[in-house]
1. If each of S399 and F96 carries a label point 7 Å out from its Cα toward its Cβ, how far apart are those two points in nm?
2. What is the list of residues in the range 417-446 whose amide nitrogen lies under 20 Å from a point 7 angstrom out from the Cα of N358, following Cα to Cβ?
3. Only helical DSSP H runs with n ≥ 4 go in: add -39500 (n - 2.57) per run for the chain, normalise by residue count and round the 222 nm mean residue ellipticity to 500 deg cm²/dmol.
4. Test of understanding: what is the full-extension gain from S257 to E325, defined as 0.36 nm times their sequence separation minus their Cα-Cα distance?
5. Can you tell me the FRET efficiency between E197 and Y245 if r is taken as the Cβ-Cβ distance and R0 is 22 Å, rounded to the nearest 0.05?
6. Using alpha carbons only, how many angstrom separate the centre of the range 68-139 from the centre of the range 274-323?
7. For a 25 Å ceiling on Cα separation, which of these pairs sit above it: K235/K369; K112/K294; K112/K160; K357/K445?
8. Could you go through the range 226-236 in sequence order and give the Karplus-derived ³J(HN,Hα) for each residue, using 6.51 cos²θ - 1.76 cosθ + 1.60 with θ = phi - 60°, rounded to whole Hz, and x for Gly and Pro?
Amino acid sequence: MKKTVSLLSIAGISLILYSCSDTYEPVEIPYTEALPATLTVDPDVEYQTVRGFGVMETSWQQSPLSDDEVETLYGNEFNQLGCNILRVRIAPKENFESADSRWGRIIPVIHKAKSMGATILATPWTPPASMKTSGNIVGGQLMDYEAYAMYLCEYLSYMKENDADIDVISIQNEPDFEVTYEGCIWSGLQQARFFKEWGSYIKSRHPEVKLMTGESFQYRHEATDPILEDEIACKAIDIVGGHIYGGGNNPYDLAVSKGKEYWMTEHLLNDAWEKSAPYSVIGDIKTETLELAKELNTAMESGFNAYIYWYGRRYYGMLGDGLAESEMSKPTARGYIYAQFAKNITGKTRVKTIASKNVSASLSVTAYKNQSGDISLMFVNSTSSEIKDLNIKLPFVPSSCQCVISTVGNNPFPENTDGYLMESSIDLSIPISIQANSIVTINAKK
């Protein structure tokens, strides 16, 4: 809106001009009033489809997830978390060991998860020791590529025969990180060679299974670029996997250019607790929980098609495990905010948002649309100040609009959902506010 002001300096000049002239007109200085903070959604600019959110199965170091725990993690009812991806470990098995003894323990968990619609990702921490240069499940490199390809097919066949079909299989957990537990080092070129020589063999045996690269511990592109740059190896893979420990939460343009999805398959945050029993709180719970929420939004903004947290049942995970004063099997505060993402944006396509320059830089926001053209917005305000008077500009006038708010506090183990996943109607024809320390989802129907 245009307005005018009279300035004293202009008035003075005008008096001088008047004294020298028979006529005089005041000089008007136009100025533009500051525009309101506006977030515009452009659904015509599409990015990735969000395949979903998941957790790691716990039976490696803990007991397997129970049916009730799987229902809480993968259900979509009240007080359930809406996950749809389950990551499991492929235990190393030598030829003299039975498949039942090494791989059978996880089958009931997979049965339950698949009955609830979960996608199963299987990841080996190491090939069998007999296939490695170290002769041990710790350290070393793969010696026999053919034997390993046949071994992975053996695993897939066993699981299929037991109605525990695997949907996605990776070839290695963190191939670029030397550890003192189960592990195996692969260079990017070694991975490219494996997929080039044996990827088509695995696919011919199990065409229903998607192949994933080794999962770099820091989404280092040098660990997977050689695969994508090799025409035959690239054709063999379906998904680029990786973790974001200390870095890597950013776009992967080469993967996009090759038409490949990329998934974030493991991360955790637990610096707010001691690293040994009794795991007492030593840091800022609220800040770390909000950090996770912002990380989820950033991962979506970076183009990841999926996000998988570490253990589903752990005091710093989605369900308590009885440690650090958590309650066994009960959703944590992190579980509730994870549910907000899992329930509201899974299966949708991320679209473009345009923020006017006066939208707070501290506000993290992503937008999505479903096949009907409905729009979902995901806000994370990790500051202690409410962000007020934000205008939302959609390409349509919503027929209805719902808001889901989770306000993060200092308690990692809330007694109930009070303060989390609070639903209400919202009117986008007027400016909205994003509460301090909160995750806000807006679902607008056409």
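The values are calculated or read from the model by the stated rules, or taken from the named source; none is laboratory data. Source: prediction; values computed, not measured. Cβ: placed from backbone, ideal geometry, glycine included. Neighbour counts: every protein chain shown. Calculation scope for accessible area: heavy atoms of the full protein, side chains included, ligands and nucleic acids excluded. Shrake-Rupley method; radii C 1.70, N 1.55, O 1.52, S 1.80 Å.
1. Distance between the two pseudo-spin positions: 6.8 nm.
2. Under cut-off, by backbone N: 428-435.
3. That calculation yields -8000 deg cm²/dmol at 222 nm.
4. Additional length available on full extension: 19.8 nm.
5. Numbers: r = 30 Å, r/R0 = 1.36.
For E197 and Y245, the calculated efficiency is 0.15.
6. Comparing the Cα centres of the range 68-139 and the range 274-323, I get a distance of 21 Å.
7. Details: K235/K369 29 Å; K112/K294 31 Å; K112/K160 15 Å; K357/K445 27 Å.
As for pairs spanning more than 25 Å Cα to Cα, those are K235/K369; K112/K294; K357/K445.
8. For the range 226-236, the Karplus-derived couplings read x, 5, 5, 7, 9, 4, 6, 5, 4, 5, 6 Hz, x marking Gly and Pro.
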